[in-house]
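Below is one structure, written out as structure tokens; the observations come after it.
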Amino acid sequence: MSDDVTSNVVRPFYFVVVVWGERFRNYFLEYCLPSLLAPGNIPSIVLRRPAKYLVATTQADWEVMQRTAIFATLKRYVEPVFIELPPCPPERPYWFQNIIGHKLCCDIVYRDKAYRLFSSPDAIFSDGSVARMDQLARAGVEVVLKLTVPCSDEAAAFTTLDALGMLPKKSARDTGEPISLSGRQLSSALMQSMHGHSIVNEWDAPYFCGYASTPWWRVRGKNGEDGIVAFGFLWDVMLIDYAAVELHDAQILNDRGWDGDYIMSIVGDLKRLYFIRDSDEMNLMGWNFLPGPKLTRHPFGEVGKGLAFRTSYNRPTINRLHRSFFFIPTRIHTGQTSKDWDAAEQRALRTILTWTDPPAGISRLSSQLASELRGPDPDQRISQTVLPWWRRNSTLWAVFIRIATPALLGVAKVKPVLSRLSLVIKRIHLACVGDIQAQQWISWRLRKTLNLALKKPFNEPRP
């Protein structure tokens, strides 16, 4: 059992961030760090346990940080520790520098048997998040996880935050003043600035992408509350008690970072995992600057969504722990929840159970926590969910999976090809009856094909 439970000695919290370059350094100084300096975050623990902030960055970025007012505020509460990032060779992918920084920091936290607290430079934490993690650590929790949905679009995020009056009038980096936002305030901003990668995970939308990362269902309650019920593989590990980790190999991060097998390798056998199931308890607003996917209608409607979803769920890169996490629901909401949310959550669970085969023993992940911390028993909820009649019939389901599934997925792959072929045939017909635009397009296409075959450059714009 954790030292926090058995003695008066409270082990330290080590906040960790990996950041370099002006863009993300400014995100850290303007938004992430000020939100972590809200009253219910870092300031709330300074009299309760020792703490450090490990900052993996370059020498140049560190020197800039040291000169800011918000860093001076940080030093009033915890000691910032400089972890120097090695130079990034030209042949190394840019993102891999982030993995190197986390490996350095995780090794330090493991060596000191401290708690590691996750912080991303491009994120805003709700006020009270750190105080809650301190409370959970004292209750014996070894791991705190939060689902990574929804994510905001970068441009829309700041437009929305500004429109809702949630941004300070002056730079927090220069004033040293904290940013204090509640979980519901962040939920409001998230719902209004959702990134395309989150939008296409809405199951009930005709454009649901079918990728089993973070499917979600919208809820609008009778009391005016707005939000979503979400499930998913991708969880941020907000806190890890490295004193509970028996074997630690940070090299595993080299394989897909936090989305790979590192988490399973260090916490997969623990039984004191705590899941943030409600955004009132802890919320996090992150943003993505990459373009989102195109919204395209999914072929074959609900069946097409389900089959694509099942294929994604069963892909080999998803490990046992990922699949166990998948059946823990999260509520992200802007107001008081009601019974409408219970019904929405049950409907969502029924949908994903229709298309998946959940692993056994999900409840073991939290089995050694106090009963009030475990939440609803996921295994029990799964066993009590009534599936559609055709899904309950084992013979019919086996035939469907073995025969209909490959056929429908094959048609889904061929359909775009057939659609493009149909378009080409239509243009050829138009060209034959004298359509000038169609004739120009065919001539351009032939020239492009010929040049590509001869491996010659072709920069002629499409007519």
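Worth pointing out:
- Nearest-ten-degree value, helix 405-432 long axis tilted from longest Cα axis of the chain: 50 degrees
- The calculated pair-distance distribution of the stretch 196-353 uses every alpha carbon pair, bins of 10 angstrom beginning at 0, and gives 9, 34, 36, 18, 3 percent.
- Between the listed residues PHE15, CYS209, ILE362, the Cα displaced farthest toward the positive end of the dipole of the chain, a dipole computed from Cβ unit charges relative to the Cα centre, is found at CYS209.
- Partner lysines for LYS339 [C-alpha distance under 25 Å; skip if fewer than 8 residues away on the same chain]: LYS146, LYS222
- Helix 301-313 and the long axis of the chain differ in direction by around 50°, with both axes built from C-alpha atoms.
- Dipole of the chain, positive direction: furthest Cα of LEU117, MET133, LEU307, with charges on the beta-carbon: LEU307
- Theoretical FRET efficiency, 1/(1+(r/R0)^6), r = Cβ-Cβ of LEU234 and ILE436, R0 60 Å, to 0.05: 0.75
- With Cα atoms, 0 to 90° folded angle of helix 183-192 axis to the chain main axis: 20 degrees
- Measuring between their Cα centroids, the stretch 6-78 and the stretch 126-183 lie 14 Å from each other.
- Counting DSSP beta bridges with both ends in the chain, the antiparallel % (nearest 5): 45 percent
- Under the convention that each Lys and Arg Cβ holds +1 and each Asp and Glu Cβ holds -1, the size of the dipole of the chain around its Cα centre is about 1840 debye.
- Bridging of LYS456 to lysines at a Cα separation below 29 Å is possible for LYS426, LYS448, once same-chain residues fewer than 8 apart are set aside.
- Average Cα contact separation per residue, the chain, under 8 Å, 6 or more apart, as relative contact order %: 17 percent
- From most to least packed by mean Cβ count within 10 Å, the peptides 221-233, 384-396, 323-335, 366-378 give 323-335, 221-233, 366-378, 384-396.
- Label-point gap, in nm, between LYS75 and ASN223 - each point 7 angstrom along Cα→Cβ: 4.6 nm
- Peptides 149-157, 355-363 ranked from most to least packed, by the mean per-residue count of other Cβ atoms within 10 Å: 149-157, 355-363.
- Interchain or long-range residues, amide H under 5 Å from TRP287's placed H: SER152
- Cα-based shape type of the stretch 225-277, given that a ≥ b ≥ c are square roots of the gyration tensor eigenvalues and the cut on a/c is 1.5: oblate
- Since only GLN384, LEU454, GLY196 are under comparison, the one whose Cα sits farthest along the positive direction of the charge dipole of the chain, derived from C-beta charges on Lys, Arg, Asp and Glu, is LEU454.
A short reminder: the numbers here are calculations on the coordinates, not readings from a lab. This structure is a prediction, so every number in the text was calculated from the model and none was measured. FYI the Cβ positions are ideal-geometry reconstructions off the backbone, even for glycines, and counts take in every protein chain you see.
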